[in-house]
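The values are calculated or read from the model by the stated rules, or taken from the named source; none is laboratory data. Since the structure is predicted, the reported quantities are computational estimates derived from the model, not experimental observations. Glycine gets a Cβ as well: all are built from the backbone with ideal geometry, and neighbour counts include every protein chain shown.
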Amino acid sequence: MLEGLRQKAARGELRIPLPVGYVWGEAPGEVRFDPDEEVVHAVRNVFTRFAELGAARRVWLWFVEEGLSLPARRPAAGPLCWVRPSLAAVRQVLTNPVYAGAYVFGKTRTERRLDASGAVRCRRVAIAARSDWQVFLPEHHPGYVDWETYEANLQRLEANRPAHLKRPGGAVREGPALLQGLAACGRCGRRMYTQYRNGRSKPDYICTGGNGATRSCLCIAGSQIDRAVEEAVLEALRPAGVEAALQAAEQLEADRDAALEQLRLAEERAGYETMRAERAYRAVDPENRRVARGLEREWERRLEELEQAREAVAARERTCQRRLSAAERAAVLALGEDLPRVWHAETTTARDRKELLRELLEEAVIELPGDGERIRLVLRWRGGLRSELEFQRQRGRPAPLCTGEETVELVRRLAEHYPDRQISAILNRQGRTTVKGLRFTRNRVAVLRTSWGIPCYRAPDDPPEGDLVTVAEAARELGIAGSTIHRWLNDGFIAGEQLTPGAPWRIRMNDELRSRFVDEAPPGYIPMQDATRRLGVSRQTVLQWVKHGKLEAVHVYRGRRKGLRIRVLGDSPGLFDGTA
C-alpha cells in the first residue's frame, strides 16, 4: 500500500493537502487555482509586495498597516478562514515550492530514538536537500510565480539573515550608510560590516577578516565613499530619469489599487456570508425557536462583519490618494529629470536611497592600494557592467573644541557685576557645562574669560545711591521674611535686578525703599481689601498700578491688620483716564 502511494505520488496524482490558493481538479493530478478570487488576490499580493520591498518582514508590515487579512486552513485540510497576517505565514508562502508550480512529496522523514527511560520517541524532520525529496515534479501545475523567481526569492530571504556573511545584499536596515550589505573587502573578499560614529551620523565600513580578531582587515570611513557612489549612481540614472519617475508614479497607483481591491473583495465575501445567513434564518420553521435563535444570532454577526468591511473600504477610499491627473503626471515627469534634487530632498529617506541603490548595484568592492592614501572603488552593476573609481583619501581632523556663543555672551554680561566664583554658581544653576561637559568652577570661568578677552569684575568708583544687597540681607534689615521679599519682587511692590535666570536678585537699599516700611499707616492709606473695593478692580491690578507709580503704598509692621496700605484719593494720577 505504501508503494502504491509512492507510485501515485510519482505521477503527481496523490491528493495531498494543498496550500491556500490551490484546489484539486476533477482530472487525475489536476491542480487549479482556487476559484475564490479574493484568495488568489491575497496570495498574489504576497509575491508582488516581496518583489517590491525585498524582505518578508516588510511584506508582513504592509499587510498589517493596510488592515488586510490572509487566507488559512486550520487544520491543513480544514475549511478556509481569514486570519490576521503573521511573519511566519508570509515566509511560508514565499518558501513553498507548490506556489512555483512544483508537485512535492516526501519533504520530511520520521526519526525514531530512545529517550533516557528507554521509550521510543518519534519526530518529523524536514529534509533540506531537494535531491533527497521523494518526489519533485516541476511545472506540474500553473504557479503564482515561475521557478526562477521562486529560487531568487529563496536566495534573497537567505541573504536577509543578519548572520549570513557569504554573499552581498541583505535587507535594508536603519542608518545612512548607502553600501550597507553591498560593501565587500578588496583584500579578502568578505562582506564588510557597518558601524556608526557621532550618533549614527558617520558610517564606517569594517572587515574583520572572518576571524573575529581585534585588528580589522580593513576599516575605512564611509562618508567619502558614499559621496562617490552617490555621484556615480546619479550620473548613471540621468538618461533614465524620466522613465524612472513614470514607473514610480505607476507603482504608487498599483500599490493603492492592490490594497483597495482586496478590501473590496473582503466586503463582497462578507455580503455573500450575510445573504447565506439570512436565507438560512428565513428557511427555518419559526416555531422551532431553539434553531431560529441560533440562526438569528449568526445573521446578526454576519451583518456586523459586513458593516465593518464597508467601513474599511470607505476609510481606505477616503485616505488613499486619487489618481494622478495629466498635469500632475507631467509635474512628476519634470521632477524625474532633476534626480539630484529628488535624491537630496528632505522627504527622501536613507531607506529610499538604499532601496534604489540595490536595484542598480550588486556589489561595491573597496580597496586601499599602495600606501593607503588613495581609495579604489569597484562597482558591479546589475547586468554585468563594471566601473572603477579612484580618488584621494581624505584624512579627517577633529573639530576644535569651542564654548557656545550664548554661554560666552552670558559670561561677558555677568563679568560686569559679579566675580568669577559667583559667575560659576550662576552657570551651574542654569545647568550649563564646559565644552568638555564639566561643571564650572572659579578657575574655569577665569580661563574662559581670558580666552575670549573678557575683563574681570571691578567694583565701581562712584557707586549709585544706596547699597546693593541680597534678598537675605534686605529681609534682615527690613524685618520681614525672605519669601515675602520674593513675593513682592514678583508683585512689583519693590524693585530688584537679576541679570539672567539663576542669577541672584539684588535689591538697592536706600531711604526711599525704607520709607515704605512703617509702624503705622499715614493718613489717607487704607488696607488692600478696602482699596480694591473702592477702586472696583482686582488685587493684581492694584499691585500693577503700584509697580508703575500710579498708586503709593507702604507696608505696616504693627497692628491687627499688618500688611500693605494703599493711598487712594480722588486725585490719584492716571487711574481712570486713558492711561490706566
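For the range 322-359, which residues satisfy the criterion of being exposed (fewer than 15 other Cβ atoms within 10 Å of the Cβ), at pLDDT below 80 and outside any helix (DSSP H, G or I)?
Passing the criteria: R322, R323, S325, E337, D338.
Pick from the range 479-506 the residues that are among the aliphatic types (A, V, I, L, M) and more than 24 Å from R539 (Cα to Cα): which of them is modelled with the highest pLDDT?
A503
Given the residues L157, L179, which is the only one that is modelled with pLDDT of 75 or more, more than 22 Å from R91 (Cα to Cα) and either crowded, with 16+ Cβ neighbours inside 10 Å or out of contact with any strand residue (DSSP E or B) (no Cβ under 6 Å at 6 or more places or on another chain) (or both)? Talk me through it step by step, then tell me what you get.
Details: L157 fails: more than 22 Å from R91 (Cα to Cα).
Within the list L157, L179, the selection yields L179.
Residues of the range 383-412 being assigned to a loop (DSSP other than H, G, I, E, B) and either in contact with a Leu (Cβ under 6 Å, 6 or more places away or on another chain) or at pLDDT 80 or above (or both), which ones?
Of everything in the range 383-412, those that are assigned to a loop (DSSP other than H, G, I, E, B) and either in contact with a Leu (Cβ under 6 Å, 6 or more places away or on another chain) or at pLDDT 80 or above (or both) turn out to be R393, T403, G404.
What tally of residues in the range 68-95 results from selecting those that are at pLDDT 85 or above and either among the small types (G, A, S) or part of a helix (DSSP H, G or I) (or both)?
Counting residues in the range 68-95 that are at pLDDT 85 or above and either among the small types (G, A, S) or part of a helix (DSSP H, G or I) (or both) gives 12.
Restricting to the range 192-248, count the residues that are at pLDDT below 80 and within 13 Å of I366 (Cβ to Cβ).
2
Find all pairs meeting these conditions: Cβ atoms under 7 angstrom apart; at least six residues apart or on different chains; first residue within the range 85-101 and farther than 12 Å from V59 by Cβ; second residue among the charged types (D, E, K, R) and at pLDDT 90 or above.
A100/D146
Kindly evaluate R264 against the criterion of being of a type in the set (K, R), outside the structural domain of L70 (by TED's automatic domain parsing), modelled with pLDDT under 80 and farther than 21 Å from A364 by Cβ.
no
Taking the conditions exactly as written (modelled with pLDDT of 80 or more and either touching a His at 6+ places or on another chain (Cβ under 7 Å) or of a type outside the set (A, V, I, L, M) (or both)), does P527 satisfy them or not?
Spelling it out, P527 is indeed modelled with pLDDT of 80 or more and either touching a His at 6+ places or on another chain (Cβ under 7 Å) or of a type outside the set (A, V, I, L, M) (or both).
From P35, P17, P28, which residue is closer than 25 Å to E268 by Cβ and either of a type outside the set (A, V, I, L, M) or free of Cβ contacts under 8 Å to residues at least 24 places away in the same chain (or both)?
P35
Could you please give the count of residues in the range 50-96 that are closer than 26 Å to E151 by Cα and acidic (D, E)?
1
What single numbered condition from (1) within 21 Å of G12 (Cβ to Cβ); (2) in contact (Cβ under 8 Å) with a residue 60 or more places away in the chain; (3) assigned to a helix (DSSP H, G or I) fails to hold for R58?
The single condition R58 does not satisfy is (1).
When the residues of the range 413-447 are narrowed to those that are part of a helix (DSSP H, G or I), of a type in the set (A, V, I, L, M, F, W, C) and over 40 Å from the mean Cα position of the chain (by Cα), which ends up modelled with the lowest pLDDT?
Once the filter is applied, the top-ranked residue is L414.
Which one of V125, V98, V145, V120 is modelled with pLDDT of 80 or more and touching a helix residue (DSSP H, G or I) at 6+ places or on another chain (Cβ under 8 Å)?
Selected residue: V145, the only one of V125, V98, V145, V120 that is modelled with pLDDT of 80 or more and touching a helix residue (DSSP H, G or I) at 6+ places or on another chain (Cβ under 8 Å).
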